[in-house]
Amino acid sequence: MKEYLEKFKEELENFKKTKVKCRIIGRSGTGKSSLINAIVGERIAEVGVTETTMEVGKPYENRGLLFYDLPGCSTEKFPRETYIEKMGIKDSDCVIVVTSDRFYEDDLFLIKEIAKIQPLIAIYAVRTKIDYSVERNRKDTGEDEGTTLKKIYEELRDNIQDAPVKGIYLTSADYPTAYDLDKLLNDISSNLSKIKKERFIADVTITSEKVIKEKRKIAEKLVLRYAALAAANGLNPIPGLDISVDLGLVLKMSNDITAVYGLNKEDQEYYKTLVDLPNQVKLKTALLKGTQYLARYGAKEAIMILLKRFGTSVATKSLSKWVPFVGQAIAAGIGFKMVFSLGEEMVEEGEKTAMEIFESFKQ
């Protein structure tokens, strides 16, 4: 049993300490901060019309994701020749080059230099504010969205020419489930190592049903690890039952699952800024369920009540399918069954609520 517990503890620690570092490069006003917020589903970067990225500082951090909003190059303060070294680009997991119109000479120079110096770093070319371009072109020419998107993509492809990027992505921070943000996140995750891919998927916003399914796999792994450790580290007796679990670990499990599905208060506040008036009622209903989810699974007293409920119903429940993963001794224990069953319910309810919120974004 000790071997399994040490394995789960190590896996959880590795997951917690894993960081995915992404450098965001682009001129002032191109929507870098809005893009960062759209990726994580929270307002972690200040959005404004003036240049705020005048020097390299601390990254915007959202759990395991670190975003470095980089200043432009070819200035007196940040000359081309030393830019890549000063910006710490060699330490990146990915680089996103951002524009709201076209890519300029400095952008193309950086893409080629990064690829030459650090060929293993994936580089992505992102065109932001695409919804504005679509609407403006509709008013000016009467062309539909599909025609406009095709034209813009082809122009950017010609603009970039032979610059070594993984792809060109047309995005809108105001409509994160539309356009290419989902494709961008999918391509970034595909180019990460296994543990960094898990960390990335766990922490990005939900842009598709596929992402929700991928998040479930990660949430289920977290439940398995936490349930085994919480049962083995029995510190808190459950009232009315002859069993103890580590309630602190159970609460950490709850917090992690809530974060994976984007159901924190910060996430919910951000969602409210994204939905057009026709879908406000739909979103309000979904967010109410999110608030109920937090009340049900986010407090120590509520968790204790739920554990007691599960304790009276899982004593005879067989979890034999998990024996190969956690061992016979752990799988047979009442404490493991209680916490695991609670975790299963959290995942199920979290997924349903996240899906409802995602559905309210659809135009």
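The values are calculated or read from the model by the stated rules, or taken from the named source; none is laboratory data. Just so it is clear, the model here is predicted, and its values are computed rather than measured. Because the Cβ atoms are built from the backbone with ideal geometry, glycine has one as well, and the counts that use them run over all protein chains shown.
Taking E143, is it more than 12 Å from the chain's Cα centre (by Cα), within 25 Å of S33 (Cβ to Cβ) and assigned by TED's automatic domain parsing to the domain that holds V97?
Details: more than 12 Å from the chain's Cα centre (by Cα): yes; within 25 Å of S33 (Cβ to Cβ): no; assigned by TED's automatic domain parsing to the domain that holds V97: yes.
Criteria not met by E143.
Counting only helices (runs of 4 or more DSSP H) that fall entirely inside the stretch 67-153 and contain at least 1 residues that are among the hydroxyl-bearing types (S, T, Y) and loosely packed, with under 14 Cβ neighbours inside 10 Å, the qualifying elements are 80-86, 130-141.
For the condition touching a residue at least 60 places away in the same chain (Cβ under 8 Å) and in the same structural domain as R27 (by TED's automatic domain parsing), V134 does not qualify.
Here's the yes/no breakdown for (1) surrounded by 13 or more Cβ atoms within 10 Å (Cβ to Cβ); (2) not small (G, A, S):
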{"position": "T258", "(1), (2)": "yes, yes"}
{"position": "G262", "(1), (2)": "yes, no"}
{"position": "Y270", "(1), (2)": "yes, yes"}
{"position": "Q280", "(1), (2)": "no, yes"}
{"position": "T291", "(1), (2)": "yes, yes"}
{"position": "L294", "(1), (2)": "yes, yes"}
{"position": "E301", "(1), (2)": "no, yes"}
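Does A202 qualify as being at pLDDT 95 or above and over 30 Å from E113 (Cβ atoms)?
yes
Among residues of the stretch 161-188 that are on the phi > 0 side of the Ramachandran plot and assigned to a loop (DSSP other than H, G, I, E, B), those with a Cβ under 6 angstrom from a residue that is crowded, with 21+ Cβ neighbours inside 10 Å and among the small types (G, A, S), sequence gap 6+ or separate chain, pair up as Y179/S172.
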